[in-house]
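The values are calculated or read from the model by the stated rules, or taken from the named source; none is laboratory data. No experiment lies behind these values; they were computed from the predicted model shown. Here the Cβ positions follow ideal geometry from the backbone for every residue, glycine too, while neighbour counts run over all protein chains shown.
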Amino acid sequence: MTTARPPEAADPRRRVPRTDAVLAEPELRAAAGRLGRDRVKRAVTAAQQRARDGLIDPAGVAADALAALPAAATTIRPVLNASGVLLHTNLGRAPLSDAAVTALSAVAGTCDVELDLATGRRGRRGTGALDALRTAVPGADAAWVANNGAAALALVCAALASGGREIVISRGQLVEIGDGFRIPELIESTGARLRPVGTTNRTHLRDYAEAIGPDTAFLLVVHPSNFVVSGFTADVGVAELAGLGPPVVADIGSGLLTPHPRLPDEPDASSTLTAGADLVTASGDKLLGGPQAGLLLGGGQRGAELVERVRRFPLARAVRVDKLTLAALEASVTGPPTPVRAALDADPADLRARASTLAASLAADGVDASAVDTVAGVGGGGGPGVELPSAAVSLPARYADALRAGDPAVLGRVADGRCLLDLRALPARDDDVLAGAVRAVRPGV
Ligand SMILES: *Cc1c(COP(=O)(O)O)cnc(C)c1O
């Protein structure tokens, strides 16, 4: 009798725990709080089926269900950026700072985004973020924020030039900025008319001057943020255009607020306004390192009036940002250096030391890993042609696919038959996670 096994132990199907019992386990209850009960229940049902099929031990149903569930209730998955591209549009561009993440969750509930708590009346929306921008950008006398850079530019064109007024722009700046998205098409979709001047490689001040007439709404300067034109070229700076009379609007793209020593050719908002631009538009999630947003900055009295006109234009309501963006933007502008800034400023010697440490520890585990010097880039519509000295862990090329499919997913790049995990865009605190992801790749893969 003591040696006879109870019949239910012999048949694993009878030992499969009941759904209610599994769902009552603390970890699964916590998962239901994160992901919703239905989703967790489906994972439990699937795990029970695997136990019935003899694929897992019935005692492991809860653990199996948990392992199949994601960490958060979104299908968007975090990816470690080991691509060596600081601003990767496919990876959501700028990673937010801790300060921005804290600000996001602080306002996630109800908040005073548009309420004056002193009077109990409606308040002006997002003043903290707008004040932060004006403070951070010498020369900015007014600010507004739209949903993204393209929205900011479209709104300016619609508000100042719809009804067939003309926007004068150099032919060298009729650019495509990514995924088939073309600035001239965006502008014309607002009902404004383009008045291209000059040629692809050379545009002179007289070209602008000759095009200005009663229908001119403004002169537009677009920074060709993803390519460089070299050779026999000429273009006209904002300072010269400012002397011609009509307002000057500059789409600088990258959202650099003040000059950066590593990016001498990248226009920044402050210098552009100081040079005489009335309005500057830029993205919040490029070099500024904040959330997706479109900055609109006005310089001088005319610039401030233009911002006001744009802000009051009906379409502005359709492209305004929410409290989350305002909070994260304010924190990115006023808080500690953003991850993008840290990556830009990283010392190559530190990157090399990190790569050596990682490669040595992986090699000690039998991984074919070595540290190599690399060149990283800004990407995402900023600093075209800028080479940032960097360092990477070099692995056999087959690791690239396996790491991308892993958890956490890792995006490296393949060059010369090796998978390179470039460390410039990766915060140092993620090094251990990166090593773990490499170790988790099965040797045969
Ligand atoms: C990136 C960019 C845009 C578009 O900005 P989004 O924030 O991506 O909408 C517009 N103009 C220039 C010059 C850019 O670099």
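Quick rundown of the values:
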| quantity | calculated |
| --- | --- |
| Residue count for segment 283-307, restricted to those that are assigned to a loop (DSSP other than H, G, I, E, B) and within 16 Å of the ligand (Cβ to nearest atom) | 10 |
| Residue count, segment 372-382 (criterion: surrounded by 16 or more Cβ atoms within 10 Å (Cβ to Cβ) and either more than 16 Å from the ligand (Cβ to nearest atom) or more than 27 Å from the chain's Cα centre (by Cα) (or both)) | 3 |
| Pairs where the first residue, in segment 131-159, is closer than 20 Å to A192 by Cα and in the same structural domain as I252 (by TED's automatic domain parsing) and the second is surrounded by fewer than 22 Cβ atoms within 10 Å (Cβ to Cβ) and among the charged types (D, E, K, R), C-beta under 7 Å, 6+ apart | A146/R320; A159/R309 |
| Single residue of P224, P261, P214, P267 found to be in a loop (DSSP other than H, G, I, E, B), within 30 Å of V375 (Cβ to Cβ), of a type outside the set (S, T, Y) and more than 16 Å from the ligand (Cβ to nearest atom) | P261 |
| Residue pairs meeting the criteria (Cβ under 6 Å; at least 6 apart or on separate chains; first farther than 20 Å from N81 by Cβ, in segment 313-340; second surrounded by 21 or more Cβ atoms within 10 Å (Cβ to Cβ) and modelled with pLDDT under 95) | L326/G126 |
| Any hit, segment 201-210, residues being buried (at least 17 other Cβ atoms within 10 Å of the Cβ) and either β-branched (V, I, T) or under 24 Å from the mean Cα position of the chain (by Cα) (or both) | yes |
| Any strands (runs of 3 or more DSSP E) falling wholly within segment 135-198 and containing at least 1 residues that are at pLDDT 95 or above and not charged (D, E, K, R) | 142-146, 166-170, 193-197 |
| Residues of segment 350-371 satisfying the condition of being among the β-branched types (V, I, T) and either in a loop (DSSP other than H, G, I, E, B) or surrounded by 19 or more Cβ atoms within 10 Å (Cβ to Cβ) (or both) | V367 |
| Failed condition for E176, given (1) free of Cβ contacts under 8 Å to residues at least 12 places away in the same chain; (2) buried (at least 22 other Cβ atoms within 10 Å of the Cβ); (3) of a type outside the set (F, W, Y) | (2) |
| Matching residues in segment 196-247 - criterion: being of a type in the set (D, E, K, R) and in contact (Cβ under 8 Å) with a residue 60 or more places away in the chain | D235 |
| Filtered residue count, segment 86-134, keeping only those that are surrounded by 14 or more Cβ atoms within 10 Å (Cβ to Cβ), of a type outside the set (A, V, I, L, M) and part of a helix (DSSP H, G or I) | 6 |
| Only one of V236, V248, V229 that is within 16 Å of the ligand (Cβ to nearest atom), over 29 Å from S332 (Cα atoms) and in contact with a Gly (Cβ under 9 Å, 6 or more places away or on another chain) | V229 |
| Filtered residues of segment 152-192 (kept if aliphatic (A, V, I, L, M), more than 19 Å from E305 (Cα to Cα) and within 13 Å of the ligand (Cβ to nearest atom)) | I169, L174, V175, I177, I183, L186, I187 |
| In segment 268-298, the residues that are closer than 14 Å to G383 by Cα and surrounded by fewer than 24 Cβ atoms within 10 Å (Cβ to Cβ) | D268 |
| Set V310, V280: member being touching a Gly at 6+ places or on another chain (Cβ under 9 Å), within 15 Å of the ligand (Cβ to nearest atom), modelled with pLDDT of 95 or more and in the same structural domain as V229 (by TED's automatic domain parsing) | V280 |
| Test: residue in segment 133-144 that is within 15 Å of the ligand (Cβ to nearest atom) and basic (K, R) | no |
| Members of segment 383-414 found to be more than 16 Å from the ligand (Cβ to nearest atom), exposed (fewer than 15 other Cβ atoms within 10 Å of the Cβ) and part of a loop (DSSP other than H, G, I, E, B), listed by number | E387, R398, D407 |
| Residue within segment 233-249 that is crowded, with 24+ Cβ neighbours inside 10 Å, modelled with pLDDT of 95 or more and in contact with a Pro (Cβ under 9 Å, 6 or more places away or on another chain) present | no |
| Check on G36, outside the structural domain of G406 (by TED's automatic domain parsing) and at positive phi | yes |
| A62 away from the ligand (no atom under 16 Å from the Cβ) and in the same structural domain as V22 (by TED's automatic domain parsing) | yes |
| One residue from G92, G172, G149, G163 being touching a Gly at 6+ places or on another chain (Cβ under 7 Å) and at positive phi | G163 |
